[in-house]
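Scroll down for the structure; my scribbles are underneath it.
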Amino acid sequence: MARTEHHPDGLIHYNRSLCFRGYTLFTGLATKAFLMDMKGQFVHQWEHPRGITNAELLPNGNTLIIKWDELPRSLERRVKGGYEGENRGAMLGDVVLEVTPEGKLKSSWNTWDELDPKLDIICPLDERREWTHANSISLSPKGDWVISFRRTSTVIQVSPRARKIRWRLNDPTISHQHDAKFTATGTMTLFDNGVHRKGMEYSRAVELDTRTRKIIWEYADNPPFSMYTLMGGCVDRLPNGNTLITETAKGHLLEVTPDKKVVWEYISPFYTHNPRLGGRMNMIFRAHRYSLDHAAFKGRDLDPKAQPNLNRLYGPDA
């Protein structure tokens, strides 16, 4: 589909009988998050002037956060790959922080303490400003950390107690992925961006068997390059077996069945100018679908009529 300023946005398609019905939460602007129903009607919104980000909430109430820090110079010299940019300064690595609800730092872990410069090689088409660029962290069923590294196209599973890598994925067909996490059935999903992929670049949603590290399900568009995002991307397995996919750069959400039928599709109407990326964009970093009977909705007024201004400007009848 053509990506002009005249391209339609909002709800594109809704197959009521095949969808997992619920409310979809997404960040439509840097400082705002929105909750909408299956018809694309907004039922709630949140705003924070410092921006809204994703962090992993732990069972103990603490939060896992990823941040950058400078690599030791001795290690930086051993890191392979990438190209030298202009005035890049010290190379950055990723640190995992555990923070209490009061904002106090409980612990921190430098990812580079366990990474291997011989294995974790920067993509040759990426600048050597960062080593790994962690873009998501989640929990395994046993409480291990699952971390996705974009620049090395690697996913690792870390024991938070031992601070050791227990499992890693380096599938050569997966490139610059995002959002690696376990499903309720013990498989793993991720968004394979396909950036710098050999041959044609395209994005896809992927499900893996973590024991064999083999891909057991995937969804790509037809033709494949029709779905492609340079950054971001999210894959959520829904309770009915469907999959909610976020194509970040285009602000595009779609729900697909196990046999790859698109049953729900939405394009964000929230456009903003992004000078760093070169213009007008409606990015959605991540989106999640919550069931109609989710405990957080109990006693809440989720009538779209309670958001008249928002729906008048951006709802399905705007």
key: Dipole in debye (nearest 20) - the chain, about Cα centre, beta carbon charges: Lys, Arg +1; Asp, Glu -1   = 460 debye
message = Per 0.36 nm of contour for each residue apart, how much would the distance between residue 163 and residue 142 grow if the chain were fully extended, relative to their Cα-Cα spacing?
response = 6.1 nm
inquiry  = If packing is taken as the average count of other Cβ atoms within 10 Å, what order do 210-222, 183-195 fall into, highest mean first?
reply    = 183-195, 210-222
message = Sorting check: for 223-231, 59-67, which peptide has the highest mean count of neighbouring beta carbons within 10 Å, and how do the rest follow?
response = 223-231, 59-67
remark   = Stokes-Einstein D for region 42-148 (20 °C, 1.002 mPa s, Kirkwood Rh from Cα pairs), in µm²/s, comes to 135 µm²/s
query = residue 296 to residue 55: FRET efficiency via 1/(1 + (r/R0)^6), r the Cβ-Cβ distance, R0 25 Å, to the nearest 0.05?
reply = 0.90
remark   = Projecting the Cα atoms of 82, 308, 35 onto the charge dipole of the chain, where Lys and Arg contribute +1 and Asp and Glu -1 at Cβ, the residue farthest towards the positive end is 82
key: Approximate spin-label separation residue 318-residue 230, in nm, with each point projected 7 Å along Cα-to-Cβ   = 2.5 nm
query = When Cα extents along the principal axes in Å is calculated directly from the model, which label among (i) 57, 44, 35; (ii) 69, 47, 47; (iii) 59, 45, 41 fits?
reply = (iii)
message = What's the ranking of 248-254, 291-297 by average number of surrounding C-beta atoms within 10 Å, highest first?
response = 248-254, 291-297
request  = State, to one decimal in nm, how far the label point of residue 271 lies from the label point of residue 73, with both points 7 Å from Cα in the Cβ direction.
outcome  = 4.9 nm
message = For region 29-120, which chymotrypsin sites (Phe, Trp or Tyr not before Pro) pass both filters: DSSP loop (anything but H, G, I, E, B) and at most 13 other C-beta atoms within 10 Å?
response = none
ask   = Counting each DSSP H run of 4 or more residues in the chain as -39500 (n - 2.57), what helix-only mean residue ellipticity at 222 nm follows after dividing by all residues, to the nearest 500 deg cm²/dmol?
value = -500 deg cm²/dmol
ask   = Which parts of region 46-71 would a label at residue 106 reach, counting a residue when its backbone N lies under 13 Å from a point 7 Å out along Cα-to-Cβ?
value = 56-65
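Taken together, the values in this text are just the output of simple stated rules run on the coordinates, not laboratory data. The model shown is predicted, which means the values in this text are computed figures rather than measured ones. Note that we place each Cβ from the backbone using ideal geometry, even for glycine, and neighbour counts take in every protein chain shown.
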